[in-house]
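This report concerns only the one structure given below.
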Amino acid sequence: MLSLAWVRVEASLPLGWRLMALVRQPDSDDWQATAAGPLDGQTVHGRGTQPEQALRRLANDLRRLRRSVTG
């Protein structure tokens with residue numbers, strides 16, 4: 001399931017973006033997935049209690065971002 005969630009994020013990335021990290025937050029039980037855009041400081045994050053959930057949320061946000069950029 002984790003590899004499928006990872007592939008979905010990769011497929012959702014807008015042009016020039018890349019998946020940067022999937023880490024467990026040290027101060028909680030949450031996981032955070034991060035994608036970075038081509039411009040400095042351009043990032044999108046997805047959080048969840050499971051790594052797959054964090055990746056799904058990131059993929060959803062990236063798809064919305066891609067739609068807003070392409071119209």
Point to revise | Projected-area mean, the chain, by convex hull of Cα positions, square nanometres | key: 4.6 nm²
Exercise for review: Compare 53, 32, 42 in a GNM of the chain, Cα atoms joined below 10 Å, and give the one with the largest fluctuation.
Suggested key: 42
Exercise for review: Mind checking the full-extension length gain between residue 53 and residue 20? Use 0.36 nm per residue of separation minus the Cα-Cα distance, one decimal, nm.
Suggested key: 10.3 nm
Exercise for review: Per DSSP H run of at least 4 residues, take -39500 (n - 2.57); add these up for the chain, divide by its residues and hand me the 222 nm value, nearest 500 deg cm²/dmol.
Suggested key: -14500 deg cm²/dmol
**Study point:** Within a Gaussian network of the chain (alpha carbon springs, distance under 10 Å), most fluctuating of 55, 13, 39
**Key:** 39
Check your understanding: Angle between the Cα long axis of helix 51-70 and the longest principal axis of the chain, 0 to 90 degrees, nearest 10?
Key -> 10 degrees
**Study point:** In degrees, nearest ten, helix 2-12 long axis to first principal axis of the chain (Cα)
**Key:** 20 degrees
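Given a Förster distance of 22 Å, report the FRET efficiency between residue 28 and residue 63 from their Cβ-Cβ distance, rounded to the nearest 0.05.
Values: r = 26 Å, r/R0 = 1.18.
It comes out at approximately 0.25.
Every number here is computed from the coordinates shown, using simple stated rules; none is lab data. None of the values given here were measured: they were computed from a predicted structure. When we count neighbours, we look across all protein chains shown, and the Cβ atoms used for this are built from the backbone with ideal geometry, even at glycine.
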